[in-house]
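Encoded as structure tokens, the structure appears first; notes follow it.
The values are calculated or read from the model by the stated rules, or taken from the named source; none is laboratory data. None of the values given here were measured: they were computed from a predicted structure. Heads up, the Cβs are rebuilt from the backbone with ideal geometry, glycines too, and the neighbour counts pull from every protein chain shown. Accessible surface is based on the protein model in full, side chains and every heavy atom, while ligands, DNA and RNA are left aside. Shrake-Rupley method; radii C 1.70, N 1.55, O 1.52, S 1.80 Å.
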Amino acid sequence: MHVFTGVADSPAAALRRAHEVYDAALAAHTAGLEIPGKQPDSWGARGLRPGWQLEWPAARAGLWHNPVSWTVRSDFAL
């Protein structure tokens, strides 16, 4: 699994941006450079596995649900 994160107006825009971020990360790695961190538009890539072929036609985009959401500030007091 590869995880790309960022803000998008639609699932199609998210997939397009994720593909761009992946391409930039792969190009950096291939050139021997560090994989770029989060971009100014909040997009970033982690967990790049050189040699793996991503199946972009099977890729899906959706809202992120933080698995440790208890760390997120809420209006509830403890």
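Numbers at a glance
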| quantity | calculated |
| --- | --- |
| Residue within region 20-33 that is in contact with a helix residue (DSSP H, G or I) (Cβ under 8 Å, 6 or more places away or on another chain) and of a type outside the set (Lys, Arg) present | no |
| Number of positions in region 1-33 that are surrounded by 11 or more Cβ atoms within 10 Å (Cβ to Cβ) and not in a strand (DSSP E or B) | 21 |
| Subset tally (residues that are modelled with pLDDT under 80, farther than 18 Å from residue 5 by Cβ and not in a loop (DSSP other than H, G, I, E, B)) for region 45-74 | 1 |
| Residue count for region 34-64, restricted to those that are open to solvent by less than 100 Å² (accessible area, probe 1.4 Å) and in contact with a helix residue (DSSP H, G or I) (Cβ under 8 Å, 6 or more places away or on another chain) | 14 |
